[in-house]
Amino acid sequence: MKRLVECVPNFSEGRDTAKIDAIIVAMREVPGVFLLDRESDVDHNRSVVTLAGEPEAVAEAALRGVGKAAELIDLTKHSGAHPRMGATDVVPFIPIEGVTIEDCVVLAKKVGREIWERYRIPVYFYEAAAQRPERTNLESIRKGQFEGLREEVLRNPDRAPDVGEPRLHPTAGATVVGARKFLIAYNINLNTPDIEIAKRIGKNIRFSNGGLRYVKAMGVDLRARNLAQVSINMTDFEQTPLHRVFEMVKREAERYGVSIAGSEIVGLIPKRAIELTADFYLQLENFSPAQVLENRLEASLGGAASEGPGRLAAMAQPFLDAVAQPTAAPGGGSVSALAGALGASLGQMVAGLSRKKKSQAAFVEQLSEAVSEFHAAGQELATAIDRDASSFESVIAAYKLPQGTPDEQRKRDDAIQRSLWGAAEVPLEVARKAVDVFERLGQLESISSASMLSDLRVGRLMASAAVRGALENVAINLESIADANFAERLRSESATLLARVTEGAAVLGR
């Protein structure tokens, strides 16, 4: 399963394009990170960047962005309409696919600690990552902005950061890191420069003042355009949809004799949010998202595999067919790697479900770490499925080399030995990783939900099979390896790995 997170760092610079470009370049240098969007606003003097990718890669990209922003942005010389307390003001992580909000909390905590370790910038945690209830809301943490917080943090322990010393970085301030659901940043511009009207409307529509649920809002002065703006964050667009916010702002504006000049989305917006708004304004009868062309295509293409065998069986069938072919590879080594990957996947599932249960609340952080560990192990073992097949194909290719002359014979013998080394080392790596999975699954028993004990034990049986199967492949290749020292070293390590699984299996009672 793919694991994708989104990260939307907000930087306190919206006017100097060269600085913004440099920050983005620093983040894009991390392999596996995709830049989805960038938005800069001169009046706000702020840039919002949207990244996506594997959690670890996105976390590193965010860290590099924080570091580059600290080099280039000096808050003592910064001004803008948008509140801010850091050169990198806020770094939220959002689950997209194969990742939960709990995963993003763990990621946020790691990134927060690393920001302090690398750059000595203090960090506050917010939303789902908040360590204090009063810090769930960003505006509570950012009260007083850079200038006010810089003074208050020195004398008020309640304003001290969650990570780092109780003082702000001299020029980069402090950064707020957190985990949250998808947020729509939606701005509505009024055909008046009167900022007080925008502030009153923002106060009336935000939930904290009795307005719309899942809405945060404030008034902003767009001096460059001679307009006032209601700047809005929508934290759950399905519960409080876009059109409802627009209509309420429109109605409030009419009370003050003004109208809406236009509106804008900052960053990205889910297609579902647009569908809901289109349905409302067009008053479509019996409208369904299935009528959207792209949705129908996705459903049709995604469901193609479900014809014939069941969906899960259809996913497995290509590999089963490949193994069943009358060819030497893929064979037992690839099957062993798959068994280990399945064991790791079961561990990831158990840890992920357990941390959602109240009964396991004391172990949430440990379980979240286990999710990441099992995911990484599963990915490594899955990669080994192809690596094992390729290594054995190299052996076959070496045996097919010409041997008509002494020189050809020597080259062929050397190629065979090199390929046999690889064919032995790959399954040994599988055995090492599968042993780790086997033992980690055993450790998980004491902190996971008792209702999933059978899944854990199936996972251990799969990991055990992976170890034993991989070691069989090591042994068969060692029989033809001429280097006695190499062969003895691999046999010794193989015996140690097998003993670890055998001892664990005795405890398991299998």
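What follows draws every value from the coordinates through simple rules; no lab data is involved. All figures in this text were calculated on a predicted structure; none of them were measured in a lab. Cβ atoms come from the backbone with ideal geometry, glycine included; neighbour counts cover every protein chain shown.
Points worth noting:
- Among 312-322, 385-395, 153-163, the order from most to least packed when residues are scored by Cβ within 10 Å on average: 385-395, 153-163, 312-322
- The gain in end-to-end length when the residue 486 to residue 399 segment is fully stretched comes to 29.3 nm, 0.36 nm per residue minus the alpha carbon separation.
- Compared with the rule-of-thumb size 2.2 N^0.38 Å for a compact globular protein, segment 311-508 has a Cα radius of gyration ratio of 1.18.
- Mean projected area in nm² (Cα convex hull; one quarter of hull surface) for segment 74-124: 4.6
- Report note on the peptides 42-49, 481-488, 497-504: ranked by the mean count of other C-beta atoms within 10 Å, highest first, their order is 42-49, 497-504, 481-488.
- Within the chain, helix-based [θ] at 222 nm, where runs of 4 or more DSSP H residues each add -39,500 (n - 2.57), nearest 500: -18500 deg cm²/dmol
- A straight line joining the Cα centroids of segment 251-278 and segment 383-447 runs 59 Å.
- Ranked from largest, the principal axis spans of the Cα set of segment 368-453 equal 66, 18, 16 Å.
- Descending semi-axes in Å of segment 184-291, equivalent ellipsoid built from Cα gyration tensor: 25, 14, 13
- Panel order for 79, 419, 336, by other beta carbons found within 10 Å of each beta carbon, from fewest to most: 79, 419, 336.
- Legend: distances between Cα atoms for 271/356; 181/356; 110/358; 109/216; pairs beyond 18 Å are 271/356; 110/358; 109/216.
- Peptides 345-356, 323-334 ordered by packing proxy, namely the average of other Cβ atoms within 10 Å per residue, highest first: 345-356, 323-334.
- Calculated diffusion of segment 4-179, Stokes-Einstein form, Kirkwood radius summed over Cα pairs, 20 °C and 1.002 mPa s, µm²/s: 136
- For the chain, alpha-carbon Rg relative to the globular expectation (2.2 N^0.38 Å, N residues): 1.22
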